[in-house]
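None of the figures in this text is laboratory data; all of them are computed from the coordinates on show. In this text the structure is predicted, and so the values were computed from the model without any measurement. Every residue, glycine as well, gets a Cβ built from its backbone with ideal geometry; the counts of neighbours run over all protein chains shown.
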Amino acid sequence: MAEALVTLQEIEQAQERIRGVARHTPLVEMAGTDGAQVYLKAENLQPIGAFKIRGAYNRLAALSAEERKAGVIAYSSGNHAQGVAYSARQLGMKAVIVMPSNAPSVKIEATRGYGAEVVLYNPATEKREEVAEKLMQGQAWTLVPPFNDRYVIAGQGTTGLEIYQDLPEVELVLVPVGGGGLLSGIATALKSLKPSVKIIGVEPELAADAQESFRGDKIVEYSAEKTARTIADGVRTTSLSKLTYAHIKEYVDDIITVSEAEIREGVRRLLFENHLLVEPSGVLPYAAYLHHRAELPPASKIVLVLSGGNIDPATLRQIISVDSGTGA
């Protein structure tokens with residue numbers, strides 16, 4: 001049975017639900033472009049430092065009074081964890097978050113700082129879904145998945161509504177892709193409002209399951225060990241879900257990949273040239289624009305979605321201490 005796609009109306013309802021909690025982030029014109037007008041959608045400026053607050057708050061705010069009283073559980077490598085924890089605190093709810101032990105410590109501590117109970121697991125030997133299922137036994141908690149949920153996708157889609165509201169003449173949008181929630185939501189919103197706009201997903205070469213799935217017409221799953229090779233911890237998801245895959249096949253034009261060296265250079269250049277602190281997962285579109293323009297559709301008004309800025313301080317020090325010419 002085909003997955004029913006999220007509608008523009010659901011995304012518009014999400015925008016009303018999250019108003020005053022998630023920030024309408026700016027489009028920052030990129031420095032040093034030649035010819036095209038390129039804008040950076042700065043989701044690193046959200047209250048939790050990432051777009052995930054949109055989908056998380058939309059899901060929690062839509063719960064019934066009984067569900068809110070029981071609380072929620074989620075699993076995440078970091079930004080969704082913070083989104084759920086922050087939203088639960090705003091709504092006075094209990095939140096339990098299952099996180100991999102190799103998640104950046106800055107994300108683990110931030111999640112705890114928002115008041116959530118964090119349960120760590122070993123991603124090499126355990127699956128996060130199974131850990132969550134065990135914890136849920138005997139509890140009435142609502143599971144809030146990071147991307148396989150209509151409310152979550154609709155919430156992330158509000159990013160696309162804002163892009164259209166601020167730049168209706170947009171021709172090309174580049175979006176990071178891990179589990180596909182953000183890409184699904186943005187593509188649904190923008191293609192519904194402006195069918196001519198081109199939507200391109202971007203992921204690391206070392207975690208290219210979404211590209212393989214998109215081009216091969218079936219969902220491909222990578223092992224956690226394989227996706228862990230990329231520095232872009234926010235997109236180490238092992239596969240798309242049936243729901244996100246359905247949206248991506250319907251609305252996305254292509255998915256391209258970038259190398260680890262290009263990701264690291266992107267972090268440095270966004271910081272020093274555009275004065276924006278962005279985590280490796282968030283710089284994927286920027287890296288693609290810098291190094292893979294030949295793979296992109298021609299366009300004069302382009303938006304690069306910078307999905308988050310929650311970078312581990314030790315990782316940041318390592319990246320900026322390396323000369324950009326080394327590709328290390």
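Around Glu126, under 12 Å between beta carbons, what's the net of Lys plus Arg minus Asp minus Glu among the other residues?
Net charge in that neighbourhood comes out at 0.
Starting from the amide H of Val118, placed 1.01 Å from N in the peptide plane, find each other amide H under 5 Å away whose residue is 5 or more places distant or on another chain.
Ile97
How much net charge surrounds Leu172 when only other residues with a Cβ under 13 Å from its Cβ are counted (Lys, Arg +1; Asp, Glu -1)?
Taking every other residue near Leu172 into account, the sum is +1.
Place a +1 charge on the Cβ of each Lys and Arg in the range 110-266 and a -1 charge on the Cβ of each Asp and Glu, then give the dipole magnitude about the Cα centre in debye, rounded to the nearest 20.
360
Scan the chain and hand back the longest stretch that contains none of the trypsin sites (Lys or Arg not before Pro) lying in DSSP loops with at most 14 other Cβ atoms within 10 Å.
Longest run free of exposed loop sites: 1-126.
Find the relative contact order for the range 53-143 and round it to a whole percent, using C-alpha pairs within less than 8 Å whose residues are 6+ positions apart.
This gives 32 percent for the range 53-143.
Go through the range 241-251 residue by residue and turn each phi into a ³J(HN,Hα) via Karplus (6.51, -1.76, 1.60, θ = phi - 60°); whole Hz please, and just put x for glycine and proline.
Each residue of the range 241-251 in turn: 8, 4, 5, 5, 4, 4, 5, 5, 5, 7, 10 Hz.
How would you rank Asp233, Asp253, Asp34, going from fewest to most other Cβ atoms within 10 Å of each one's own Cβ?
Asp34, Asp253, Asp233
Using a Gaussian network model of the chain with C-alpha springs under 10 Å, which one of Leu271, Leu172, Leu306 is most mobile by mean-square fluctuation?
Fluctuation is largest for Leu271.
Cα centroids of the range 106-156 and the range 224-282: how far apart, whole angstrom?
21
Dividing the alpha-carbon Rg of the range 53-143 by 2.2 N^0.38 Å yields what?
Cα Rg divided by the expected 2.2 N^0.38 Å: 1.00.
Given H placed 1.01 Å from N in the peptide plane, which residues other than close sequence neighbours of Leu40 have an amide H under 5 Å from its amide H?
Excluding prolines and chain starts, which carry no amide H, the hits are Val28, Glu29, Met30, Leu304.
Of Ser307, Ser87, Ser223, which has the largest mean-square fluctuation in a 10 Å C-alpha GNM of the chain?
Ser223
Can you tell which of Thr159, Ala81, Val173 lies farthest toward the positive end of the dipole of the chain, using +1 and -1 charges on the Cβ of basic and acidic side chains (Lys, Arg; Asp, Glu)?
In the chain, that residue is Ala81.
Select from Met99, Ala116, Ala61 the residue farthest towards the positive end of the dipole of the range 53-143; place +1 on Cβ of Lys and Arg, -1 on Cβ of Asp and Glu, and compute about the Cα centre.
Going by the Cα projections, it comes out as Ala61.
As a quick test, which of the pairs Lys194/Lys226; Lys69/Lys242; Lys52/Lys94; Lys94/Lys134; Lys41/Lys198 have an alpha carbon distance above 25 angstrom in this structure?
Those over the limit are Lys194/Lys226; Lys69/Lys242.
Taking the Cα centre of the chain as origin, sum charge times position over the Cβ atoms of Lys and Arg (+1) and Asp and Glu (-1), and report the length of that vector in debye to the nearest 20.
Here the size comes out at about 760 debye.
So for the chain, averaging the separation of alpha carbon pairs under 8 Å that are six or more residues apart and normalising by length, what relative contact order in percent results?
Contact order relative to length: 22 percent.
Please arrange Phe51, Phe272, Phe214 by how many other C-beta atoms lie within 10 Å of their C-beta, fewest to most.
Listing Phe51, Phe272, Phe214 from fewest to most nearby Cβ atoms yields Phe272, Phe214, Phe51.
Run the numbers on the range 192-279 and let me know its relative contact order in percent, using alpha-carbon pairs under 8 Å that are six or more apart.
35
Between beta-carbons, use under 12 Å as the cut-off and find the net charge around Glu43, counting Lys and Arg +1, Asp and Glu -1.
+2
For the range 262-277, take each phi angle, set θ = phi - 60°, evaluate the Karplus expression 6.51 cos²θ - 1.76 cosθ + 1.60, and give the result in whole Hz per residue in order, putting x for glycine and proline.
5, 5, 4, 5, x, 4, 4, 5, 5, 6, 8, 9, 10, 6, 10, 8
With the chain treated as a Gaussian network of Cα nodes joined by springs under 10 Å, which of Ala110, Ala140, Ala154 yields the largest mean-square fluctuation?
With Cα springs under 10 Å in the chain, the top fluctuation among Ala110, Ala140, Ala154 is at Ala140.
What's the exposure ranking of Leu161, Leu193, going from fewest to most Cβ atoms within 10 Å?
Placing the least packed residue first, the sequence is Leu193, Leu161.
Got a sec to turn the phi values of the range 221-238 into Karplus ³J(HN,Hα) couplings, 6.51 cos²θ - 1.76 cosθ + 1.60 with θ = phi - 60°, whole Hz, x for Gly and Pro?
10, 9, 6, 4, 5, 6, 6, 5, 5, 7, 6, 7, 4, x, 10, 7, 4, 7
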